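Here the structure comes first, spelled out in structure tokens, and everything after it is commentary.
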Amino acid sequence: MKKKNNPVKILILTVVSFVYLIPIFVMVLGSFKTKGEAVRFDLSLPEKFQWANYEYVIENGHVITGYMNSILITTATTLIVLIFGALAGIYVGRRKGKLVDTVYNYFILGLTVSLQLATTFALLKSLNIYGTRLGVILINAGMQMPFTVMTFSSFIKGIPSEIDEAAIIDGCGSLKLIFWVLLPVMKPIMVTNLIVTAINTWNNFMVPLFYLDSAEKWPIPLMVYNFFGRYARNWNYVFVMLVITILPIVILYLCLQKYIVEGMTSGSVKG
Amino acid sequence: MSKKAIKMSAQHKTYPFWLSIPALSVYTIFVIVPIGMSLVLSFTDWNIRRWDDPKFAGLQAFKEVIKDPDFGRAVFNTFLFAVLTTILKIGLGLILALVLYKSFKANSIFRTIFYLPCVLSMTVIGVLFTSILAKNGLLNNILNLLGLTTWQREWLGQYTTSMAWVIIIESWMWAGFNMFIFISGLQAIPRDYYEAASTEGASSWKQFTKITLPLLVPAITVNATMNIAGGMKVFDIIYILMKGGQSTDTQVLSTYAFKSFSVGYLGESSAASIILTVLVILVSFLLNYFFRKREVEV
């Protein structure tokens, strides 16, 4: 009954795919070229694979520092968002009443707001956390919170409250109920929010650009941008920097693709 | 006590208000407070020299901003960028989804490729594209190979082409995301609608306009709202491709706020941020309202 994919379609799609893949090819090939070869920006193979480029960039590009900062900022932001968001989501999803509606709408308000550059700067200064990773973590977490609370609460509403009642009859307290009964049931939406928050935070450029003033605290996107500024003539090195930056993400994406795609899209559909 | 009242009080005890306090505090302090401060401080003469001592100045910051021709340009560019990227992302996403929504092996490979840019950082994409669009970059090289030397130009050197390219890159990046939203919309449409239409002799175009499109309105709503809000808030791609947002003619609202901030005009920067926030809320609300009215039940 089902028709096979038609070859003309495959051909056209393959051509379109090249629009996506060529930039990647240019980058990967370029990263193995000499300076002179790399600035020709073409799809030729390097004369000789210059592995030394990688050594040079890892030594001089502050890649490790960037990675450590990115991992720290992303992990902390994600933990805050997941734990705080889940607790608030449970409250909003399980209780009814005026106060709950107010809290919910108050969070929803934040879905569309944009970063207030100058006053956020003033706020961080007055809290004495300007230029710290903590400041960046808290801003990221705050901006991600509305989406998380919304998705958690709508998920919780879909879970029958009988399981809570059964647990309460068995003598579960609030916290025990939340951590032993509800959180395990919420695993799918946890994964969604984990992915969305982690990717958003990992790729965020604005917040650290505005609020981190010293290079040793920069996450990887800022390291890349700064490296590009310093080595604008050495495209081979810049390409290496780009490859190093996206390699772990691409590997993760290829392995966890199903979860990532489902997470990112299902998350937004529920919005 | 009635049964309902017992249940309410059990809920009250089991899910106390304090559960929401951690999230509420982080969100309030780091998102809501800065907005409140912007609202207040944009009506003062706050600047880097009057850091601790802003004086009420009425609408002066707004007047200052609105008088500034760069601001007008920024508003224009913001809307141009947001509207064109929204149309392109939805158009491309829809075409890709229609071609790829059936689950063939080959289709899933293509979907993987088209979605890939969505997980990458805009910084990487931006730097990568400066190499493609440079004077001696890949694009000009390809044009050279094709014998189209008259088409070569310094793509990021003038307003029209650089604006066109940031719009293309942004759409290229997020078309795959829109595609997946449309695919999940398409998969939700019951097959028998089409079978019934076929037996009654409806052409495939007619099926598309009478069945597919109306039932895809919810997916279009999601995509349009997200695209327009994201497009209006654009910062990274402009900042990176336009060398730190130095040139004034490709400025958008976020880069405008950044520029006034970095020269110390904090009141003007806050005014620009607030204007952007209000515009985004307004536009997403209107768009949502417009599309929600057109949604039909499956």
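Here are some notes:
- Any hit, the stretch B:198-215, residues being in contact (Cβ under 8 Å) with a residue 40 or more places away in the chain and at the interface with chain A (Cβ under 9 Å from one of its Cβ atoms): no
- Among residues of the stretch A:3-51 being within 18 Å of B:Asn141 (Cβ to Cβ) and of a type in the set (Val, Ile, Thr), the one that is farthest from the other protein chains (Cβ to nearest Cβ) is A:Thr34.
- For the stretch A:216-259, the set of residues classified as in contact (Cβ under 8 Å) with a residue 12 or more places away in the chain and surrounded by fewer than 13 Cβ atoms within 10 Å (Cβ to Cβ) consists of A:Glu216, A:Arg233, listed by residue number.
- Scanning the stretch A:70-119 for residues that are hydroxyl-bearing (Ser, Thr, Tyr) and either more than 8 Å from chain B (Cβ to nearest Cβ) or part of a helix (DSSP H, G or I) (or both) gives A:Ser70, A:Thr74, A:Thr75, A:Thr77, A:Thr78, A:Tyr91, A:Thr102, A:Tyr104, A:Tyr106, A:Thr119.
- Restricting B:Ile21, B:Ile66, B:Ile29, B:Ile35 to residues that are more than 9 Å from chain A (Cβ to nearest Cβ), modelled with pLDDT of 85 or more, under 22 Å from A:Val113 (Cβ atoms) and assigned to a helix (DSSP H, G or I) narrows the list to B:Ile66.
- Scanning the stretch A:212-251 for residues that are of a type in the set (Ser, Thr, Tyr) and away from chain B (no Cβ under 11 Å) gives A:Ser214, A:Tyr237.
- Residue match in the stretch B:89-106 (condition: in contact (Cβ under 8 Å) with a residue 60 or more places away in the chain, under 18 Å from B:Ser184 (Cβ atoms) and at the interface with another protein chain (Cβ under 7 Å from one of its Cβ atoms)): no
- Matching option when the condition is under 25 Å from A:Tyr225 (Cα atoms) and either β-branched (Val, Ile, Thr) or not in a helix (DSSP H, G or I) (or both), among B:Thr212, B:Thr250: B:Thr250
- Of the set (1) under 25 Å from A:Asp42 (Cα atoms); (2) among the hydrophobic types (A, V, I, L, M, F, W, C); (3) facing another protein chain (nearest Cβ under 8 Å); (4) touching a Leu at 6+ places or on another chain (Cβ under 9 Å), all apply to B:Met122 but (4).
- Residues in the stretch A:120-147 that are over 21 Å from A:Leu79 (Cβ atoms), more than 7 Å from chain B (Cβ to nearest Cβ) and hydroxyl-bearing (Ser, Thr, Tyr): A:Ser126, A:Tyr130.
- Checked against (1) surrounded by 21 or more Cβ atoms within 10 Å (Cβ to Cβ); (2) in contact with a Ser or Thr (Cβ under 7 Å, 6 or more places away or on another chain), A:Asn204 passes all but condition (2).
- Residues within the stretch B:174-197 that are more than 10 Å from chain A (Cβ to nearest Cβ) and assigned to a helix (DSSP H, G or I), tallied: 10
The values are calculated or read from the model by the stated rules, or taken from the named source; none is laboratory data. All values derive from a computational prediction rather than experimental measurement. No Cβ is skipped: glycine too gets one built from the backbone with ideal geometry, and neighbour counts run over all protein chains shown.
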